[in-house]
Amino acid sequence: MNQHDRRIGRHISDPVRAQNRKAIVDCLRRHQAAARIEIAKHVGISPATVTVITSELIEDGVIREETVVADRIRPSRGRPRTRLELNPEAGFAVGIKISMHQASISLTNLSGEILGSKIVPMRANRDAPERIAEICMTQIKEVISNTGIDPELVLGVGIGVPGYVEYPSGLVRWAPVFSRPDVPFREIVEQKTGFRTFIDNDANMTALAEKWFGVGRQFQTFMVVTVEHGIGMGLVVDEKLYRGARGFGAEFGHTKIVVGGALCRCGQRGCIEAYASDYAIAREANVLGSTTDIDDPFALQDRMAQLIKLSDEGSPAVTSIFKRAGTMLGTGIANLVDVLDPPVVVLSGARSRSAKAFFTALSSAIETNTLLEGQTKVDLRVDPGGDEVWAHGAAALVLEETLI
């Protein structure tokens, strides 16, 4: 472990002190900059405690002081308050999103600025996990080299994988991108790259991206639903990512919406994913004549672009498929809203750029199936950021695990 690692990842044996340290960093993440007295009010701890902990964080290089123009902080007299902010150069993180057709790699600083990125085509479900790890290793080194960042300043690698991922062990129980179950992917990647590695469900990664850099700066509790080749969900409650008792988190795509219904790629029937995902839409469209191998990620990607175009141009048959998919997903989200009552729902992933008919049906299903129909409008937001958002969230996981 180098000197930078020891400063950034210092061990805090006192749980109260560690909690206060995390709360202060989270406060600065949310507000971007704040004076010590403001931090004390936001966090709910004494100004003296804030002074002690912020001095420690400054020494560690995690935060820094910024003296601003006086009238931004005070009316007219007295010394200007010293504001504190996260130090963007305190460390760097590599984020990776592994999907069926590609791996997205990005290098970010502490402020979430993407300094370098690369997208590598692959047929993930046809490569061994060890081969996927080798591809990631090569691309990680290239991205770091291209940015000129000292590799010793990289805090770690965060990887988002679709499927059932045990956290924090990094054991992937099942994932459509792997050719076999029970893959110790964290161990495999760490052995090949030499970096500390953190692996979680990719929808959780999106939720972390929103927590650090998106709606999480406005809401302490929110829900993210990801829609692309599969359906995922990330849930943040009181600023904490919910992972459940076994580390799997909030699995939404494989909840059942039709008993004994359509076959899902998980092997069960009636899952929401079996109706609203890319492969489900393309599978249903195969009956129209032109068939697509839904297990071929590149063919599926092309087919979805074609189907969206046909629907938006007015094809009745294709539009009907998108309406059904949107209705199924919207009904599922309405169920979540009734159970969890989140202040905001974020729709993310490739299908957030879907056909107009899909969104019309989805919005209508949410509105008509929530308990307080017509009385309360669900705050639904669309984040079409693409794979970079997933990788961004994976990097956020590294920052959460190593900075506090």
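The values are calculated or read from the model by the stated rules, or taken from the named source; none is laboratory data. Predicted, not measured: the structure shown is a model, and the values here were computed from it. Note that we place each Cβ from the backbone using ideal geometry, even for glycine, and neighbour counts take in every protein chain shown. Each accessible area value is taken on the protein alone, full model and side chains, heavy atoms only, with ligands, DNA and RNA left out. Shrake-Rupley method; radii C 1.70, N 1.55, O 1.52, S 1.80 Å.
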### Query
When the Karplus curve 6.51 cos²θ - 1.76 cosθ + 1.60 is applied with θ = phi - 60°, which whole-Hz ³J(HN,Hα) does each residue of region 91-101 get, with x for Gly and Pro?
x, 10, 9, 9, x, 10, 10, 9, 10, 4, 10
#### Entry: region 116-188 - Debye-derived log10 I(q)/I(0), Cα point model, q = 0.27 Å⁻¹
-1.28
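Exposed loop trypsin sites (Lys or Arg not before Pro) only (DSSP loop, at most 12 other Cβ atoms within 10 Å): please give the longest stretch of the chain free of them, not including the sites.
Numbers: sites that count: Arg77, Arg246, Lys377.
Free of exposed loop sites, the longest segment is 78-245.
Could you sort out which of Lys22/Lys118; Lys211/Lys377; Lys240/Lys356; Lys323/Lys377 sit more than 28 Å apart by Cα distance in this structure? The partial results should precede the final answer.
Details: Lys22/Lys118 31 Å; Lys211/Lys377 23 Å; Lys240/Lys356 33 Å; Lys323/Lys377 21 Å.
The pairs that break the limit, which is 28 Å between Cα atoms, are Lys22/Lys118; Lys240/Lys356.
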### Task
With a 1.4 Å probe and every protein chain kept in, tell me what percent of the accessible surface of the chain is carbon plus sulfur.
49 percent
#### Entry: Accessible area (Å², per residue) of region 140-179, counting only protein heavy atoms and a probe of 1.4 Å
38 Å²
#### Entry: Nearest-20 debye value, the chain charge dipole, Cβ charges on Lys, Arg, Asp, Glu
640 debye
### Message
Considering just Cα atoms, how many Å³ per residue does the convex hull of region 258-404 enclose?
### Response
147 Å³
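Considering only DSSP beta bridges with both partners in the chain, what is the antiparallel share in %, to the nearest 5? If you can, show how the numbers build up before the last one.
Values: 35 of 54 bridges.
Percent antiparallel among DSSP bridges in the chain is about 65.
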### Query
Residue by residue through region 246-261, which ³J(HN,Hα) values in whole Hz follow from phi under the Karplus form 6.51 cos²θ - 1.76 cosθ + 1.60 (θ = phi - 60°), with glycine and proline marked x?
10, x, 7, x, 9, 7, 10, x, 10, 6, 8, 10, 9, 5, x, x
## Note on the structure
Residues meeting the amide H criterion for Leu115 (H placed from the backbone, H to H distance under 5 Å, 5 or more places apart or on another chain) are Leu107, Thr108, Asn109
### Query
Between Gln191 and Leu372, what FRET efficiency follows from the Cβ-Cβ distance if R0 is 51 Å, with the result rounded to 0.05?
0.50
### Summary
Amide H neighbours of Leu171 at under 5 Å, excluding residues fewer than 5 places away on the same chain, with H built from the backbone geometry, are Glu166
### Å² of accessible area per residue within region 223-280, as computed with a 1.4 Å probe and no ligands counted
38 Å²
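Enter the accessible area per residue of region 297-377 (Å², integer; probe 1.4 Å; all protein chains in place). Show your work: numbers first, answer last.
On the way: 3900 Å² over 81 residues.
Per-residue value: 48 Å².
Relative to the compact-globule scaling 2.2 N^0.38 Å, provide the ratio for the alpha-carbon radius of gyration of the chain.
On the way: Rg = 22.4 Å, N = 404, 2.2 N^0.38 = 21.5 Å.
The reported ratio for this selection is 1.04.
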### Message
With angles folded into 0 to 90 degrees, how steeply does helix 316-340 sit against the dominant principal axis of the chain? Use alpha carbons for both and round to 10.
### Response
40 degrees
#### Entry: Solvent-free Debye scattering, log10 I(q)/I(0), computed from the Cα coordinates of region 213-297 at q = 0.11, 0.14, 0.22 Å⁻¹
-0.40, -0.60, -1.02
### Query
Helix 202-213: angle to the longest alpha-carbon principal axis of the chain, degrees 0 to 90, nearest 10?
40 degrees
### Query
Short version: ³J(HN,Hα) in whole Hz for each residue of region 275-291, in order, from phi by Karplus 6.51 cos²θ - 1.76 cosθ + 1.60 (θ = phi - 60°), x for Gly and Pro, what are they?
10, 10, 7, 4, 5, 5, 5, 5, 4, 5, 6, 4, 6, 7, x, 7, 9
